[in-house]
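The values are calculated or read from the model by the stated rules, or taken from the named source; none is laboratory data. Keep in mind that this is a model prediction, so the values were computed, not measured. All Cβ positions, even for glycine, are placed from backbone atoms using ideal geometry, and neighbour counts span all protein chains on display. Accessible surface is based on the protein model in full, side chains and every heavy atom, while ligands, DNA and RNA are left aside. Shrake-Rupley method; radii C 1.70, N 1.55, O 1.52, S 1.80 Å.
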Amino acid sequence: MTESPDVRELVQEADLGARKPAGIGRAVLAATCIGWSLLQLWYASPLPFTFNVFILNDTEMRALHLALGLFLGFLAYPLRKSSPRDRIPVQDWVFAAVAAFCGAYLFLFYRELSTRPGQPTPLDFATAVVGMLLLLEATRRVVGPPLAIIATLMLVYAFAGASMPDVIAHKGVSLSKAVSHYWLSTEGVFGVAVGVSASYIFLFVLFGSLLEKAGAGNYFIKVAFAFLGHMRGGPAKAAVVSSGMMGMISGSSVANVVTCGTFTIPLMKRVGYSAEKAGAIETAAGIDGQIMPPVMGAAAFLMAEYVGVSYAEICKNAALPAVISYIALFYIVHLEAVKAGIKGLPRRAGTSAWGRLAGIVMTLAALVILANVVFYGLGWIKDIFPRAALWIVVALITVVYLALLRIVAAEPDLVVDDPNAEVIELPPLKETLLAGLHYLLPVVLLIWVLLVEHLSPGLSAFYATALLIIILLTQKPLIAMFRGEVSPLSRLRAGWNDLIDGLGAGARNMIGIAIATAAAGIVVGTVSITGFGLVMTDLVETISAGNMIGMLFLVAVICLILGMGMPTTASYIVVSTLMAPVVVELGAQSGLVVPLVAVHMFVFYFGLMADVTPPVGLAAFAASAISRGDYLRTGFTAFWYSIRTGILPFMFIFNTELLLLGVHSYGHLALTIAAAVGAMLVFAAATQGWFVTKSRWYESVAMLLVTFTLLRPDFWMDFVFPKYDVASPQKLMELAASAPPNTGLRLRIEGTNIEGKEIKKTVLLPLGSEGTSAQRFAKSGLTTMIAPAGIQIGAVNLRSAADRAGFEQGFVITGIETEAIRPAKEWLFLPALVVLGGVFLLQRRRREALPAPVRVAQEA
């Protein structure tokens, strides 16, 4: 399989840097990348504390992380397109060295800086100013002009606040305060985003890079083709599934598109998809990889920090929307194949449909059994041997690993097929699946240490990466030994080379993320030092005239604009900093209590949608370079396919059950999943204009109404029955004590904000686990006292759950909203299904009236 030079160049520029120097430059680049990966592994491991050597605190690690990112950024990314790619100019060596010093300043002078906070010296001034300028230049080179321009405008706004128009004016920021805030503290460049990048993101990106070097990427593609290649439009369906699997370990939509698309796009064209549609399908699938847990384009870790919940909770919230979005894309691909009369690839000789079905059922049954054995069996080990459980699990994984390699050794190696070959034969299902099951062992260990051992994401990723390194080094020698080859240890060198390549590629993949999180820290720092968030709230409220739907559409458009040309991580930081507080505040003033995670998912989705939106979408560029189709048509087609992803954020703002919030029973879970999946399939049919046969306009409208009802049934119920009753604020303590664990109270509060504006809003007070009302209030960070007008908020702890929920000191609680007794909203599914059944019958009758050859072609 070969990639076109244009595609390789695009990936180099987007993810790894376009420069490939020779000689000393190449050696320094490689050594620095490998050293960065080893440093991150050391920091995440328990080894520093075991040996009491080179122990780094969080601030020191942030500084080293950014210093290495800046150093590599200037070496790997040229100044402009005409700059040399085969060598590193002298000025870039100088920029890299100076930028590394500025980035590492907090590490080098940590003790001295801690003795004089807020009193910068001339060296502090010079380092901060030069460091900011070099960071902006590195951002322009590595991430692209959009983020560099936004960060520069934010700095201009911070310094020139007094000269701004009245609606956004502020008193301005002095240079001394800016130096301390942006560069010498953890409020600006070295803020939460860089901290998360250094603590968690690097390890997961490295994990994905090593997994790819081990052969998992090719394995995922082959498995998808073995399962789906024979179906109608099989290559396109395989593209969707393989991109979903790659998206779970990839932090880059461009890399996802190219990894899978180099193989899937030519095959899609061969079976009948146009170049633009083939590229659009791969683009839409690759972009959706960024919403797929556990990595989510590295945004999951940042979201956990910003929302204040565990990383595992974020993965749980994101799972259902991601899965149903992929299911809908899978169905869109099927409908496109039906409309164009496209068939799948020929089956393997000697296999029947029933035989393949039996193989699929047996394989899935085996996987379900394995999953239950892992979850319940390993959980039992934890209960019986609480201290030795981890070592027992490691021993079990070792035994399973050796057993799986014996199976792999009995089968031929998985080769990377050439999609342009004359004959493409589907790989055998069972043999293909068994040939890479050992790649799942690090994932099993990762899940174990995260969900059962409850270790931090960073330490969990370290253990999983350590196991993956062992697999990389040993899989080839062990397979050779099981096959009886002569001198199997000679294969150890190949594993070592894969490891070195993986360590280097992981670090080069992180250059953009490290620099993007630092540059986005300028935006975060400006918002915190100037109060720009309140300005955005007032601006959006004025333009939307207080209409909630209008406000959400406006926020979505702003997120699309802000996200254009930026990688997933930087896009999420910017849009969540600027727009998430707007949705929370204006929603509360409209009486809509939106959980913080739903708000962050909303802005994350629309920031991500910018990746597929022309004229900037890099993923569409990559796909069109492979397909040789028109870029704009590819991008707009991909955007049309991605509308199904775009409606989800609007739905889970109003129906948080889509994020699995408020789902407390298996029956409720099953109904939620079935309704969501059904709604997205109906939406795909409506937007594609095809269900059983070609749809008429009124049938598409009816299907859109069915979609809306399945996703948000309470909209119609609210017209007939009130959703909440309002209790007296005097019942606050009683209701707080009796509320179920990990729920909250909806409180109506009113008061005067810091700008002197009268505010009335509804907020959700998280109550956490069981306890007395005083204990639960203390955990939430809220203190109350009795006042003539009701219950007054005495204090709100900074960065507490109550603070994030929107409580403000001095406001008065005027009422408590409790759920009213009314029929279950799920009853409205029945009339929606009746309408859908009517559309089905109409279209079926119309299809049966078609001439026999046409009907047979549609059913084939």
Spelling it out for W690: with amide H atoms placed in the peptide plane at 1.01 Å from N, the residues 5 or more places away or on another chain with amide H under 5 Å from its amide H are S695
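Roll a 1.4 Å probe over the protein chains and send me the accessible area per residue for region 101-213 in Å².
Value for region 101-213: 41 Å² per residue.
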Checked against the positive end of the charge dipole of the chain (+1 on Cβ of Lys and Arg, -1 on Cβ of Asp and Glu, about the Cα centre), the farthest of G25, L329, L765 is L329
In the chain, whole DSSP H helices that both stretch 24 Å or further along their axis by alpha carbon positions and average at least 1.0 on the Kyte-Doolittle scale are 24-44, 58-76, 122-142, 311-340, 353-372, 389-409, 457-482, 568-589, 666-688
Region 601-683: Kirkwood hydrodynamic radius (Cα pairs, Å) comes out at 14.5 Å
FRET efficiency (L38, N753; Cβ distance; R0 60 Å; to 0.05) is 0.75
Cα-based Rg then Dmax for region 712-860, in Å, read 24.9, 80
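I need the Kirkwood Rh of region 496-577: take the reciprocal of the average 1/r across all distinct C-alpha pairs and report it in angstrom.
The answer is 14.9 Å.
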tail above 15 Å in the computed P(r) of region 656-705, as % of all Cα-Cα pairs, reads 51 percent
For I149, the accessible surface traced by a 1.4 Å probe with all protein chains present amounts, in square angstrom to the nearest 10, to 100 Å²
Sorted list, accessible surface of protein heavy atoms, 1.4 Å probe, largest first, for V706, V720, V98 is V720, V98, V706
With label points set 7 Å from each Cα along the Cα-to-Cβ direction at A737 and A126, the distance between them in nm comes to 6.6 nm
Amide H contacts under 5 Å for L426, restricted to residues at least 5 apart in sequence or on another chain and with H modeled in the peptide plane, are R348
On the accessible surface of the chain, probed at 1.4 Å with all protein chains in place, carbon and sulfur together account for a percent value of 66 percent
Rounded to the nearest whole number, the per residue volume of the convex hull around the C-alpha atoms of region 554-647 in Å³ is 87 Å³
Correct semi-axes for region 409-553, from √(5λ) of the alpha-carbon gyration tensor and rounded to whole Å with the largest first, are 48, 22, 17
Working note, the chain: Cα radius of gyration (Å, one decimal) and Dmax (Å, whole number) are 27.9, 89
Using the Cα gyration tensor of region 60-107, the equivalent ellipsoid's semi-axes, largest first and to the nearest Å, work out to 23, 9, 6
With Rh as the Kirkwood radius over Cα pairs, region 644-768 has Rg/Rh of 1.10
Residue-ordered couplings for region 809-823, obtained by feeding phi - 60° into the Karplus form 6.51 cos²θ - 1.76 cosθ + 1.60 and rounding to whole Hz (Gly and Pro as x), are 4, x, 5, 10, 7, 9, x, 10, 8, 10, 4, 7, 7, 7, x
Kirkwood-based Rg/Rh on the Cα set of region 481-620 evaluates to 1.26
Counting sequence-distant residues (5 or more places) and residues on other chains, those with an amide H built under 5 Å from that of A727 are I816, E817, T818
Among L473, A96, I384, the residue whose Cα sits farthest towards the positive end of the charge dipole of the chain (+1 at Cβ of Lys and Arg, -1 at Cβ of Asp and Glu, taken about the Cα centre) is L473
Computed for the chain: size of charge dipole around the Cα centre, +1 on C-beta of each Lys and Arg, -1 on C-beta of each Asp and Glu, debye to nearest 20, value 1520 debye
Counting only protein heavy atoms and leaving out ligands, DNA and RNA, the solvent-accessible surface of D413 at a 1.4 Å probe, in Å² to the nearest 10, equals 90 Å²
